[in-house]
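All remarks here apply to the structure that follows.
The values are calculated or read from the model by the stated rules, or taken from the named source; none is laboratory data. All values derive from a computational prediction rather than experimental measurement. Reconstructed Cβ throughout: ideal geometry from the backbone, glycine too, with neighbour counts over all protein chains shown. Accessible surface is based on the protein model in full, side chains and every heavy atom, while ligands, DNA and RNA are left aside. Shrake-Rupley method; radii C 1.70, N 1.55, O 1.52, S 1.80 Å.
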Amino acid sequence: MGRLSRRFIMLLAVCLMTLSFAASPALAKNQDIWADSGYNFSTVKSLYFDDVTYDIAADFDDDILEKKMSDFIRLTAEKTELRIIPKGEPHPTGLAFKVNVEKWANSSQYHPPYTSWETRSETYYWYDRDGNRHSDIRTFQVPVEHPGYTTYYSTIRVRYDGYTPEGKLVYSHREERTRDDANGHYKMFERISREFLSKLMKQIKKA
């Protein structure tokens, strides 16, 4: 009875640990969008993008990656129906966007080792009093040790602010994502930028 109780407790602990791991999302997303209800987005025919900048709080500075991000969002925006004004040219019409990386962080979570019980089976043979051979299968449980491991996460938050030629802020898109990849920041930036442009185009078309 004592062995059964200990076994039950260990199985219960394993189940609780498994549920706690499953509750930790491999990908988290938080998005905030604001559009000025008083602005006529149907008049937007072109877009201009400043170079991507980094917030001091982002604790990251990479001029090469900054150029890659700036190029990516301009090239991706060219796939929309709007004209993308080249860098350095005046932009008297449309919206001018400032893109700022507010957060660029890494974190980790350690999963401690644990023991689970697995059911195994084996065939055994026996003879009756007449010398006839018989076989049967019996099951039993064995402990299985699982080593501890660490999951690494990357988090990025990007903000896109759109201004009229007069300098009035009329559109903001801020999005934060986390994924279980120590170096997933740039890939998430690409996905966030695509979603930003998709949401912006929907705003312009529905106006």
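Things worth noting here:
- Members of the stretch 156-191 found to be more than 22 Å from residue 85 (Cβ to Cβ) and part of a helix (DSSP H, G or I), listed by number: 185, 186, 187, 188, 191
- Residue match in the stretch 197-207 (condition: touching a residue at least 12 places away in the same chain (Cβ under 8 Å), in contact with a strand residue (DSSP E or B) (Cβ under 6 Å, 6 or more places away or on another chain), over 30 Å from residue 27 (Cα atoms) and surrounded by fewer than 17 Cβ atoms within 10 Å (Cβ to Cβ)): no
- Any chance residue 183 is in contact (Cβ under 8 Å) with a residue 24 or more places away in the chain, surrounded by 11 or more Cβ atoms within 10 Å (Cβ to Cβ) and under 22 Å from the mean Cα position of the chain (by Cα): no
- All conditions but one from (1) in a loop (DSSP other than H, G, I, E, B); (2) within 22 Å of the chain's Cα centre (by Cα) apply to residue 99; the one that does not is (1).
- Among the residues here, residue 104 qualifies as under 27 Å from the mean Cα position of the chain (by Cα), surrounded by 10 or more Cβ atoms within 10 Å (Cβ to Cβ) and either in a strand (DSSP E or B) or among the aromatic types (Phe, Trp, Tyr) (or both).
- Residue 134, sole failed condition from (1) at pLDDT below 95; (2) closer than 30 Å to residue 82 by Cβ; (3) of a type outside the set (Phe, Trp, Tyr); (4) part of a strand (DSSP E or B): (2)
- Any hit, the stretch 180-187, residues being more than 23 Å from residue 106 (Cα to Cα) and among the aliphatic types (A, V, I, L, M): no
- With respect to the conditions (1) without any contact (Cβ under 8 Å) to a residue 24 or more places away in the chain; (2) in contact with a Pro (Cβ under 6 Å, 6 or more places away or on another chain); (3) not acidic (Asp, Glu), residue 131 lacks only one, and its number is (2).
- Condition check for residue 128: open to solvent by less than 70 Å² (accessible area, probe 1.4 Å) and more than 30 Å from residue 32 (Cβ to Cβ): yes
- If the condition is being closer than 21 Å to residue 197 by Cα, open to solvent by 60 Å² or more (accessible area, probe 1.4 Å) and not charged (D, E, K, R), then the stretch 89-101 contributes 91, 92, 93.
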